[in-house]
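Here's the structure, in structure tokens; my notes come after.
The values are calculated or read from the model by the stated rules, or taken from the named source; none is laboratory data. From a predicted model like this one, the values you see are computed outputs, not experimental measurements. Don't worry about glycine lacking a Cβ; one is built from the backbone with ideal geometry, like all the others, and counts go over all protein chains shown. Ligands, DNA and RNA are stripped out before the accessible areas are found, and what is left, the full protein with its side chains, is counted by its heavy atoms. Shrake-Rupley method; radii C 1.70, N 1.55, O 1.52, S 1.80 Å.
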Amino acid sequence: MATTDKPLPHETEDSQPYWAKAKGGVLAIQRCADCGRLRHYPRLVCDNCHSLEADWIDASGRAVLHSWTVAHHAFHPGFAGDVPYVLATVELEEGPRALGILDCPADAGLKPGMAVTARFEQRADGASELHFAPA
Ligand SMILES: [Zn+2]
């Protein structure tokens, strides 16, 4: 299978544990080691207490749809074959919001609050794409 020309994630010291878990199909969420606040996307500093210390938890993968948009134009040539697709913001069961591709047509009766489940699409180029599917 030919490799895709989609952009690859830029792993950093802060995001490496997220990408490692994603390769195993697990959605990991960063947790402040001082105040316990969960955060997603991975980042250096806690929004709540400004601590630099963090660990990780495995998310359940359960979430509800918060909002979405339908991409009709490929904003990167690598996604030209995917349009139209639904880009969704979901509220994870654990609290933080996450952005991913919704595996569902836009005209399928999407409603805020509908239950979705996270999964990772393992691409041929080695990247892991976060997707959500109706539960
Ligand atoms: Zn904190």
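What's the total number of residues in segment 33-44 that are within 11 Å of the ligand (Cβ to nearest atom) and open to solvent by 90 Å² or more (accessible area, probe 1.4 Å)? The total comes to 2.
Conditions (1) among the acidic types (Asp, Glu); (2) modelled with pLDDT under 95, marked per residue:
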| site | (1), (2) |
| --- | --- |
| LEU27 | no, no |
| GLY78 | no, yes |
| GLU94 | yes, no |
| LEU99 | no, no |
| PRO105 | no, yes |
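Rundown of residues vs (1) part of a loop (DSSP other than H, G, I, E, B); (2) touching a helix residue (DSSP H, G or I) at 6+ places or on another chain (Cβ under 9 Å), yes/no style:
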residue	(1), (2)
ASP34	yes, no
TYR41	yes, yes
THR89	no, no
LEU99	no, no
LEU110	yes, no
ARG119	no, no
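When ALA118, ALA98, ALA80, ALA135 are checked against the criterion of being touching a residue at least 60 places away in the same chain (Cβ under 8 Å) and loosely packed, with under 14 Cβ neighbours inside 10 Å, a single residue qualifies: ALA135.
For segment 49-87, filtering for residues that are out of contact with any Leu (no Cβ under 8 Å at 6 or more places or on another chain), of a type in the set (Val, Ile, Thr) and closer than 28 Å to ASP5 by Cα leaves 1. Among the criteria (1) open to solvent by 50 Å² or more (accessible area, probe 1.4 Å); (2) within 14 Å of the ligand (Cβ to nearest atom); (3) under 20 Å from GLY100 (Cβ atoms), the one GLN30 does not fulfil is (1).
Checking each residue in segment 45-71 for being away from the ligand (no atom under 16 Å from the Cβ) and open to solvent by less than 80 Å² (accessible area, probe 1.4 Å) picks out ALA59, SER60, GLY61, ALA63, VAL64, LEU65, HIS66, SER67, THR69, VAL70, ALA71.
Would it be correct to say that GLN16 is more than 10 Å from the ligand (Cβ to nearest atom) and open to solvent by less than 40 Å² (accessible area, probe 1.4 Å)? Criteria not met by GLN16.
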